[in-house]
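The values are calculated or read from the model by the stated rules, or taken from the named source; none is laboratory data. Given the structure is predicted, the values throughout are model-derived calculations rather than measurements. Please note: Cβ atoms are built from the backbone with ideal geometry, for glycine as well, and neighbour counts cover all protein chains shown. To get the accessible areas, we keep the full protein, side chains included, count just its heavy atoms, and leave off ligands, DNA and RNA. Shrake-Rupley method; radii C 1.70, N 1.55, O 1.52, S 1.80 Å.
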Amino acid sequence: GRSPEQLLTEVRSEFDRWRKPLPTGLSLCTDDEKKLWRQSEAVLRMGQVRQPNTATRKNNGMVLASLPPGEWHTGWVRDAMYAIVALARMGHHAEAKAALDFFLGAEPVSKFSSYVSGQSYRISVCRYFGNGEEEADYSGQQTPNVELDGWGLMLWTARQYVDASGDTAWLSSRTRLGATVYDALLTGVAQPLSKNLESSGIAKADSSIWEVHDEFKKHFAYTTLTTIRGFCDMAQLATKAGQGGDAGTYRALSKKARDGFLASFLDQQGAIAGSIEELAMNQYLDGAVVEAFTWNILKDSEYTGRTGKATLDSLGKLRVDSGGYKRNDDGKSTYDNNEWIMIDLRMADALWRAGREQESGGVLQPIIDKASANFYLLPELYNAVRSDGAIGKYTGSIPMVGYGGGAYVLTMMDRSGLVEPNDCGDGQGNKSSGRAYKCGVDNPTMPGGPGNPGSPGTPTAEQVPYADACLCGIGRQHGGPGALLAPW
């Protein structure tokens, strides 16, 4: 019996109540930064399945990689983890917990145990069908995508939720399948991962982040980076659960994996290669190695040291005509050669941590500017291939969830000095993520800067608006015909 106007008003009111105040210390200095934060918050919410489970469908809490009309509106493990960490760190703990509970209660899984040393496991080796069943994705190839990185990412995400929420009781609660959360993480994630290591401590060959399929598997740096991060976080979870023996075990495994990583993946200049096999072929650039900075695998002192400098310098070779970074130097398709928003955002984060602040801003600001012309929605890619149309236009799946809104949230928090907890249960983690960004100092032409006095300060939730977006009738904006910033 309610009118359309009443329904809309009530939905808006509910959405406003759901939004969280901005984290204390977060520096969002321009209207565009604020609006992109709030739209990213909305996309993260809309990316989560909220229908109750049924007898045949166990997908409550699943986080999708993109929203329709984006092609990737399905449940990839890796994309979801970036989204969940963002939700947890923003203060949306109920949504983060529901997503983690989905992973620990999804079934059936362990369908591809023959590819992972015969191990039973709780987290899909790739993604999920809509009903919550594990899917490995063949995409026309003879073998599936089998990605071990999702297991380390699950441990990272679980730890970030517990630390952000303070909900240590969750570790002793029961999963949908009966085991406690801690035991499910231990026996269904950490232990299977430990059984898929080389003697050096690095992860075994897999399909990894760019999904090359099992027939083309390699020892990818990204997978070992997730292993180092995940074991470290498992040690902290064990400490919080009062399991000191497990804490010691996984702290040692994390250290061994890091030592093996630094011994196996560096080129002669000290730069991190994308894989051991590609390093041997001298074609090894991979933007995913930037996570060595953003996950605090490199220590504070190493950001600007030999390996940090050499890695960022080498990744500069991945810059494309549209301004940002392609994902690697494989060059097998336009998909490879386009600009990847996920890599841009994580690179902006890493450059800021390394004190290369002007470079960081040069990567981040165009993303914000383009989003302002596109209802503050972030795409998977910017076109960097001239034969495919205008350089810099939105392409790929739009909007992305973890690889879009989630990555933006994490970048802006890190830029503000709000570094995620990263010690291995021993208090010895990195203490900073670079100098904290300051409104009016780092953006002098904006309000509060030397030429524009009147510092706005950190805005409250009520001060941050969001724009309506109707994708059914988009006209040109911000510059007229042919403008780079025209909506996609």
Note to self: Tell me which trypsin sites (Lys or Arg not before Pro) from the range 29-84 have a DSSP coil assignment and no more than 12 other beta carbons within 10 Å of their own.
What the structure shows: R50
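Could you tell me which of rounded, prolate or oblate describes the range 105-227, using a ≥ b ≥ c as the square roots of the eigenvalues of the alpha-carbon gyration tensor, with rounded for a/c under 1.5 and, failing that, prolate when a/b is larger than b/c and oblate otherwise? Write out the running numbers ahead of the final one.
Working: a/c = 1.95, a/b = 1.45, b/c = 1.35.
Note, shape of the range 105-227 comes out prolate.
Count neighbours as other Cβ atoms within 10 Å of each site's Cβ, and list the chymotrypsin sites (Phe, Trp or Tyr not before Pro) in the range 276-372 that are DSSP loop with at most 15 such neighbours. Before the final figure, lay out the partial values.
On the way: sites: Y284, F293, W295, Y303, Y325, Y335, W340, W352; in loops: Y284, W295, Y303.
Hits after loop and neighbour filter: nothing returned.
As a test of reading the structure, rank R19, R356 by solvent-accessible area (1.4 Å probe, protein chains only), most first. Provide the component values of the computation, followed by the final result.
Values: R19 30, R356 55 Å².
Putting R19, R356 in descending order of accessible area: R356, R19.
If the viscosity is 1.567 mPa s and the temperature 4 °C, what Stokes-Einstein diffusion coefficient in µm²/s follows for the range 372-425 when Rh is the Kirkwood radius over Cα pairs?
Values: Rh = 13.1 Å.
Translational diffusion coefficient: 99 µm²/s.
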Notebook entry, point to check: Which far-off residues, 5 or more places away or on another chain, put their amide H under 5 Å from the one on C424, with H placed in the peptide plane?
Noted result: G429
Next item on the list: Can you sort H219, H213 by 1.4 Å-probe accessible area, starting with the largest?
Entry: H219, H213
Note to self: So if the hydrodynamic radius of the chain is defined as the Kirkwood radius over C-alpha pairs, what does Stokes-Einstein give as its diffusion coefficient at 20 °C and 1.002 mPa s, in µm² per second?
What the structure shows: 94
Next item on the list: Give the cross-link partners of K111 among the aspartates and glutamates, using a straight C-alpha distance below 19 Å as the criterion and excluding same-chain residues fewer than 8 apart.
Entry: E133, E134, E135, D137, E147, D149, D206, E211, D214, E215
Check: With every protein chain left in place, what is the accessible area of M281 in Å² (1.4 Å probe, nearest 10)?
Finding: 130
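So what is the accessible area of the chain per residue, in Å², with the probe set to 1.4 Å? Spell out each step's value before the answer.
Details: 18590 Å² over 488 residues.
Accessible area per residue, the chain: 38 Å².
Per residue and in cubic angstrom, what volume does the convex hull of the Cα atoms of the range 1-131 have?
On the way: hull volume 20.5 nm³, N = 131.
Here the figure is 157 Å³ per residue.
What's the carbon and sulfur percent of the chain's accessible surface, probe 1.4 angstrom, rounded to a whole number?
Values: 9400 of 18590 Å².
C and S fraction of accessible area: 51 percent.
In deg cm²/dmol, rounded to 500, what helix-only [θ] at 222 nm does the chain give when every DSSP H run of at least 4 residues adds -39500 (n - 2.57) and the total is split over its residues?
Values: 16 runs with 187 residues, N = 488.
It comes out at -12000 deg cm²/dmol, rounded to the nearest 500.
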Next item on the list: Write down the radius of gyration of the range 316-391 and its Dmax, each obtained from C-alpha positions, in Å.
Entry: 12.3, 36
Next item on the list: Tell me which residues come under 5 Å, amide H to amide H, from L197 once H is placed; ignore anything under 5 positions away on its chain.
Entry: K204
Checklist line | Set of lysines near K332 by C-alpha distance (under 20 Å), chain-local residues within fewer than 8 positions excluded | finding: K217, K218, K317
Check: Hey, which lysines would be in cross-link range of K299, C-alpha to C-alpha under 23 Å, not counting anything within fewer than 8 residues on its own chain?
Finding: K255, K256, K309, K431
Checklist line | Placed amide H near D286: partners under 5 Å, 5+ positions off or other chain | finding: G274
Next item on the list: Might you work out the accessible area of D163 for me, using a 1.4 Å probe with all protein chains in place, and round it to the nearest 10 Å²?
Entry: 40
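Could you sort H92, H73 by their accessible area in this structure, using a 1.4 Å probe and putting the largest first?
Largest to smallest exposure gives the sequence H73, H92.
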Next item on the list: Give the residue from A96, I123, S3 lying farthest towards the positive end of the charge dipole for the range 1-124; charges sit on Cβ (+1 for Lys and Arg, -1 for Asp and Glu) and the dipole is referred to the Cα centre.
Entry: I123
Check: Which Rg and Dmax, in Å, describe the Cα atoms of the range 159-315?
Finding: 16.7, 50
